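Asker: Following this message is one structure expressed as structure tokens.
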Amino acid sequence: KRTVQQGPFFMEQILGPCQKCNGSGKSFSEPCRVCNTSGTLSKEESFTLDIAKGSLFKATILNGMGNHVEKNSAPGHLMIEIGLIPRQGMQFDQDYNLYIDKSIDPIAALVGYESELIHPDGSKLNVKIKKSVSHGFIYKMNNKGLPKSEKDYGSLNIRFLYNTPQDLSQEEEQILKSYMESRKRRELL
């Protein structure tokens, strides 16, 4: 039991373990200068960890590699949670689906589009869309998302966003003007 004065008129009694021995019943005549009587030392370790496909959003437990709970006790468990840092223009959800934004020319969206896309895993995907694709259209490719296991994957969802060209040549500008004239003649504008 300790009595502590908190002000000129207030005294507080605190019940708890002894301040010298922390409730162990023993105290040191000469405290250790290395651990400062804690009984443990902090150290950094590095090790190699094999992460299997499908480990995303899961935890791996390594026995005997964690912190000591008490003096003279064995080390506890080390828990490692596997996460993912998305790149710009990329998102993912808890169902292992991957979302990528792809900018396209609005004219390509009107007449059809075929292109090669580099998947985040480095593989090349051939993406072919039909004509008249609206801004924000999502093209879904099953089993091309994040790995759930060795054989099962989420889906890859490519969202097409219009990228207005800023570098039209005179010829391209003339073609687009004739297109607009044709639409006016047909009374569609």
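Asker: For region 103-189, list the strands (runs of 3 or more DSSP E) that sit wholly inside it and hold at least 1 residues that are within 30 Å of residue 85 (Cβ to Cβ), in contact (Cβ under 8 Å) with a residue 12 or more places away in the chain and open to solvent by 80 Å² or more (accessible area, probe 1.4 Å); which are they?
Answerer: 124-129, 138-141, 156-162
Asker: Exactly one condition in (1) surrounded by 10 or more Cβ atoms within 10 Å (Cβ to Cβ); (2) on the phi < 0 side of the Ramachandran plot; (3) polar (S, T, N, Q) is false for residue 13; which is it?
Answerer: Here residue 13 clears every test but (1).
Asker: Now a separate question. Here is a list of conditions, (1) part of a loop (DSSP other than H, G, I, E, B); (2) under 30 Å from residue 153 (Cβ atoms), and residue 60 meets all of them except one; can you say which number that is?
Answerer: Condition not satisfied by residue 60: (1).
Asker: Out of all the residues in region 79-92, which are open to solvent by 60 Å² or more (accessible area, probe 1.4 Å), aliphatic (A, V, I, L, M) and outside any loop (DSSP other than H, G, I, E, B)?
Answerer: Across region 79-92, the qualifying residue is only 79.
Asker: If the Cβ limit is 6 Å and pairs must be 6+ apart or interchain, which residue in region 76-99 that is farther than 30 Å from residue 64 by Cβ pairs with which residue that is assigned to a loop (DSSP other than H, G, I, E, B) and open to solvent by 40 Å² or more (accessible area, probe 1.4 Å)?
Answerer: 96/148
Asker: When you scan region 104-134, how many residues do you find that are over 11 Å from residue 158 (Cβ atoms) and within 23 Å of the chain's Cα centre (by Cα)?
Answerer: 6
Asker: Hey, another quick one. Restricting to region 64-109, give me the number of residues that are of a type in the set (A, V, I, L, M) and more than 30 Å from residue 139 (Cβ to Cβ).
Answerer: 6
Asker: Please verify whether residue 48 is assigned to a loop (DSSP other than H, G, I, E, B) and either touching a Lys or Arg at 6+ places or on another chain (Cβ under 8 Å) or aromatic (Phe, Trp, Tyr) (or both), treating the condition exactly as stated.
Answerer: When the stated conditions are applied, residue 48 does not pass them.
Matching residues to (1) modelled with pLDDT under 80; (2) on the phi > 0 side of the Ramachandran plot; (3) open to solvent by less than 100 Å² (accessible area, probe 1.4 Å):
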| site | (1), (2), (3) |
| --- | --- |
| 23 | yes, yes, yes |
| 49 | no, no, yes |
| 61 | no, no, yes |
| 77 | no, no, no |
| 98 | no, no, yes |
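The values are calculated or read from the model by the stated rules, or taken from the named source; none is laboratory data. The structure displayed is predicted, hence computed values, not measured ones. Counting neighbours? That spans all protein chains shown, and the Cβs are built from the backbone with ideal geometry, glycine included. Areas reflect the complete protein model, heavy atoms only, side chains present, ligands, DNA and RNA absent. Shrake-Rupley method; radii C 1.70, N 1.55, O 1.52, S 1.80 Å.
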